[in-house]
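Trainee: Dropping a structure here in structure tokens format, bear with me for questions.
The values are calculated or read from the model by the stated rules, or taken from the named source; none is laboratory data. This is a predicted model, so every value here is computed, not measured. Every residue, glycine among them, receives a Cβ derived from its backbone with ideal geometry; neighbour counts consider all protein chains shown. Heavy atoms of the whole protein, side chains included, go into the accessibility calculation; ligands, DNA and RNA do not. Shrake-Rupley method; radii C 1.70, N 1.55, O 1.52, S 1.80 Å.
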Amino acid sequence: MNPDLQDFGRPAYFEPEAIGKPGNRRFRLIAATDQRTAALWLERDQLREFSTSLQHLMTQLTGEDVLRPALEAPAPPPPPREDFPENPDVEFQVGPIILGYDEDEEAVIVLVAPLEIIEVDGNATLNSDAEPQFRVALAHDDIDAFIQRSESVLAAGRPRCPYCGQALNRPDEPHGCVRQNGHRHLDITPSA
Ligand SMILES: [Zn+2]
């Protein structure tokens, strides 16, 4: 195991947040123990992929679908933590993330490696074998909370359907609107 691995064990918190104004937001995972803090910067798509992977893992582990109902509009994300330091102890750009499960701890293990660009056959390539430098162990409740917060963070700043409130990637994205009977362009003539 990497001697530089920062093991946060079961952290006081491990959560996603977005910094900045809508349209120009930066995303990161922040974590804290009693003694240490970490800020792991990542792209919006990485956060979405990570959250989706956690959802799939939880579904496998519990046999339950932890996805919130797709048509429910996520709550707005809570304000950033005032007490999070400007210069955390651990900070890097996120590369590969490895998920595992510790049966003794009944915890999901998250290993995060930094983004490393290597040269393969003369081409700049993402190093998928980068050594993990950060580890947390998360209980099921922690993961449910993380997933819900991810949805809130990802949905904030996106356009919303004016009928049902669902967050969309584009204002005109078709989405099987529940308020429009599942059909976006369905024309219903009132009978009364
Ligand atoms: Zn809608």
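Trainee: Sort Y163, Y13, Y101 by accessible area with a 1.4 Å probe, largest first.
Mentor: Details: Y163 125, Y13 35, Y101 85 Å².
Reading off the accessible areas and sorting them downward yields Y163, Y101, Y13.
Trainee: Right, another one. Which value in nm describes the separation of the simple spin-label points at E64 and L115, placed 7 Å from the Cα toward the beta carbon?
Mentor: 3.6 nm
Trainee: Right, next: For region 16-161, what does the equivalent ellipsoid look like in terms of its semi-axes, each the square root of 5 times an eigenvalue of the Cα gyration tensor, given largest first in whole Å?
Mentor: Details: eigenvalues 112, 85, 63 Å².
Ellipsoid semi-axes (Å, largest first): 24, 21, 18.
Trainee: Now a separate question. Measure nothing fancy, just the Cα-based angle from helix 140-155's long axis to the longest principal axis of the chain, in degrees from 0 to 90, nearest 10.
Mentor: In the chain, helix 140-155 runs at an angle near 60 degrees to the longest axis.
Trainee: Rounded to the nearest 5, what is the percent of antiparallel bridges among the DSSP beta bridges in the chain? Walk me through the intermediate numbers first.
Mentor: Details: 30 of 36 bridges.
Once the DSSP bridges in the chain are tallied, antiparallel ones form about 85 percent.
Trainee: Right, next: With axes computed from alpha carbons, what is the tilt in degrees of helix 44-62 against the longest principal axis of the chain, rounded to the nearest 10 within 0 to 90?
Mentor: 90 degrees
Trainee: Just to confirm my numbers, what's the Cα centroid distance between region 86-161 and region 6-61 in Å?
Mentor: Centre-to-centre (Cα) distance: 6 Å.
Trainee: Right, here's the next one. Determine the calculated [θ] at 222 nm for the chain from helices alone, applying -39500 (n - 2.57) to every DSSP H run no shorter than 4 residues and normalising by the residue count; nearest 500 deg cm²/dmol.
Mentor: Computed mean residue ellipticity for the chain: -6000 deg cm²/dmol.
Trainee: If you don't mind, another one. Given the Cα-Cα distance of R44 and E103 and 0.36 nm per residue of separation, how much length would full extension add, in nm?
Mentor: 18.2 nm
Trainee: A further question on this structure: Whenever you get a sec, line up L40, L5, L115, L99 from highest to lowest accessible area (probe 1.4 Å, protein heavy atoms). Don't jump to the answer; show the numbers that get you there.
Mentor: Values: L40 0, L5 30, L115 75, L99 55 Å².
From most exposed to least exposed: L115, L99, L5, L40.
Trainee: Now a separate question. So how much slack lies between S53 and A12, counting 0.36 nm per residue of separation and subtracting their Cα-Cα distance, in nm? Write out the running numbers ahead of the final one.
Mentor: Values: separation 41, 0.36 × 41 = 14.76 nm, distance 2.21 nm.
Computed gain between S53 and A12 is 12.6 nm.
Trainee: Still on this structure: State the extension gain, in nm to one decimal, for the chain segment bounded by S128 and V90, taking 0.36 nm per residue of separation less the distance between their alpha-carbons. Can you show the working numbers first?
Mentor: Numbers: separation 38, 0.36 × 38 = 13.68 nm, distance 2.05 nm.
Here the answer is 11.6 nm.
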